[in-house]
Amino acid sequence: GDSVTQMEGPVTLSEEAFLTINCTYTATGYPSLFWYVQYPGEGLQLLLKATKADDKGSNKGFEATYRKETTSFHLEKGSVQVSDSAVYFCALGLNYQLIWGAGTKLIIKP
Amino acid sequence: NAGVMQNPRHLVRRRGQEARLRCSPMKGHSHVYWYRQLPEEGLKFMVYLQKENIIDESGMPKERFSAEFPKEGPSILRIQQVVRGDSAAYFCASSPPGVQGSNEKLFFGSGTQLSVL
């Protein structure tokens, strides 16, 4: 069945480090791919998305490229800040449903 | 323009009681979705509703769970005779009107954390 697997956390980095959070998926159709972020005590916010192969989503310095050949949508940021500390969720969209990864907690230390 | 509003933020129930979770979609949105997040897991789809209609309840447990989205008022997720395994975060999302729901235009609420003692 359709599924999303993302890197287990927590991921702990120092401020200004390079970030990669891996995400791979299995899907029978042609899904859209998303990264959502959940800051402490808050709801889910869409961070970025890509709707077809080779599309790159970007927002707030984060990027992810829809790689159909490797079924991946890895999240990257060149220089993280303490304020990026949150839980990051990778998800795939088929029709009106989202299928979610388990989330990766990111901790950024000053 | 208020976002998706869920209340309460935290709900504590004893085993056997009923839990009612409310979700007011964004203004102008006519599609509502409920998701459940168990500890250490990703969100799981429960149900998709339009005004006065349940479109897809394939993710809802067969017993004790029900959902509605009346013509007036918020969407309600109702859990009867709660058990400890129902403890989870319940998220509501809404999307704008259209022929069908969309996964690309979802706006999420802050969730309701249900704790069953």
Q. Do any residues in the range B:101-117 that are on the phi < 0 side of the Ramachandran plot have Cβ atoms under 7 Å from those of residues that are among the acidic types (Asp, Glu) and assigned to a loop (DSSP other than H, G, I, E, B), where the two are at least six apart or on different chains, and which pairs are they?
A. B:110/A:42
Q: Could you please find all residues in the range A:30-49 being modelled with pLDDT under 95 and either more than 12 Å from every other protein chain (Cβ to nearest Cβ) or touching a Cys at 6+ places or on another chain (Cβ under 7 Å) (or both)?
A: A:30
(Q) Return the residues of the range B:60-99 that are in contact (Cβ under 8 Å) with a residue 24 or more places away in the chain, more than 13 Å from residue B:34 (Cα to Cα) and within 14 Å of another protein chain (Cβ to nearest Cβ); say none if nothing qualifies. (A) B:96, B:97, B:98
Q: Mind listing just one residue for me: the one in the range A:35-85 that is of a type in the set (S, T, N, Q), part of a strand (DSSP E or B) and in contact (Cβ under 8 Å) with a residue 12 or more places away in the chain and, of those, surrounded by the most Cβ atoms within 10 Å (Cβ to Cβ)?
A: A:38
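Output the residues belonging to the range B:100-114 that are closer than 15 Å to residue B:18 by Cα, buried (at least 20 other Cβ atoms within 10 Å of the Cβ) and within 12 Å of chain A (Cβ to nearest Cβ).
B:112
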Q: Tell me, yes or no, whether the range B:36-46 has at least one residue that is within 13 Å of chain A (Cβ to nearest Cβ), in a strand (DSSP E or B) and in contact (Cβ under 8 Å) with a residue 60 or more places away in the chain.
A: yes
Q | Residue count for the range A:99-110, restricted to those that are in contact with a Leu (Cβ under 7 Å, 6 or more places away or on another chain) and either modelled with pLDDT under 95 or within 10 Å of another protein chain (Cβ to nearest Cβ) (or both) | A | 2
Q: Select from the range B:71-117 the residues that are in contact with a Gly (Cβ under 8 Å, 6 or more places away or on another chain), small (Gly, Ala, Ser) and outside any strand (DSSP E or B) and list them in ascending order.
A: B:109, B:110, B:111
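The values are calculated or read from the model by the stated rules, or taken from the named source; none is laboratory data. No experiment lies behind these values; they were computed from the predicted model shown. Counting neighbours? That spans all protein chains shown, and the Cβs are built from the backbone with ideal geometry, glycine included.
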